[in-house]
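Undergrad: The structure that follows is given in the form of structure tokens.
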Amino acid sequence: MPEEPCPHLEAITSIKLPKRRECEECVKIGAQWVHLRTCQLCGATLCCDSSPNRHATRHAKATGHPVIASAEPGEAWLYCYPDDAFLEWAN
Ligand SMILES: [Zn+2]
Ligand SMILES: [Zn+2]
Ligand SMILES: [Zn+2]
């Protein structure tokens, strides 16, 4: 592991993976998404900032849940909103 960039990322010991490969909020409103992110506090899977509704960022702002992981196959990284910190762990 590289040096830990912030305490929120340091506290992550296992990665929460998406329960379903879809944005929980977009499916309710029939919207489309681009990429998926999974909240590492509650496990909600939501859409990225390239998506029209940016549900992952809205969730983080509304709930204060700090860390998301990419829910995309082949991607292995975490992002902390309050610290704007990024951590890749793959390979
Ligand atoms: Zn942090
Ligand atoms: Zn969404
Ligand atoms: Zn959450």
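Undergrad: Return the residues of the stretch 25-39 that are closer than 10 Å to SER70 by Cα and either within 14 Å of ligand 3 (Cβ to nearest atom) or over 14 Å from the mean Cα position of the chain (by Cα) (or both); say none if nothing qualifies.
TA: Correct list: LEU36, ARG37, THR38, CYS39.
Undergrad: Just to be sure I understand, how many residues within the stretch 40-56 are within 16 Å of ligand 1 (Cβ to nearest atom), surrounded by 21 or more Cβ atoms within 10 Å (Cβ to Cβ) and either of a type in the set (A, V, I, L, M, F, W, C) or modelled with pLDDT under 95 (or both)?
TA: So the answer is 1.
Undergrad: Same structure again: LYS19 passes all but one of (1) within 21 Å of GLY74 (Cα to Cα); (2) touching a strand residue (DSSP E or B) at 6+ places or on another chain (Cβ under 6 Å); (3) of a type outside the set (A, V, I, L, M); which number fails?
TA: It fails just one condition, (2).
Undergrad: Any residue at all in the stretch 59-72 that is away from ligand 2 (no atom under 16 Å from the Cβ), assigned to a helix (DSSP H, G or I), without any contact (Cβ under 8 Å) to a residue 24 or more places away in the chain and surrounded by fewer than 20 Cβ atoms within 10 Å (Cβ to Cβ)?
TA: No, the stretch 59-72 has no match at all.
Undergrad: Let me ask something additional. Checking GLY43 against (1) in contact with a Leu (Cβ under 8 Å, 6 or more places away or on another chain); (2) in a loop (DSSP other than H, G, I, E, B); (3) under 24 Å from PRO5 (Cα atoms), only one condition comes out false. Which one?
TA: (1)
Undergrad: Report, by residue number, each residue of the stretch 73-87 that is more than 10 Å from the chain's Cα centre (by Cα), surrounded by fewer than 20 Cβ atoms within 10 Å (Cβ to Cβ) and either of a type in the set (D, E, K, R) or in a strand (DSSP E or B) (or both).
TA: Residues satisfying the conditions are GLU75, ASP83, ASP84, ALA85, PHE86.
The values are calculated or read from the model by the stated rules, or taken from the named source; none is laboratory data. Note that this is a predicted model, so its numbers are computed, not measured. Positions of Cβ are generated from backbone atoms using ideal geometry, with glycine treated the same way; all protein chains shown enter the neighbour counts.
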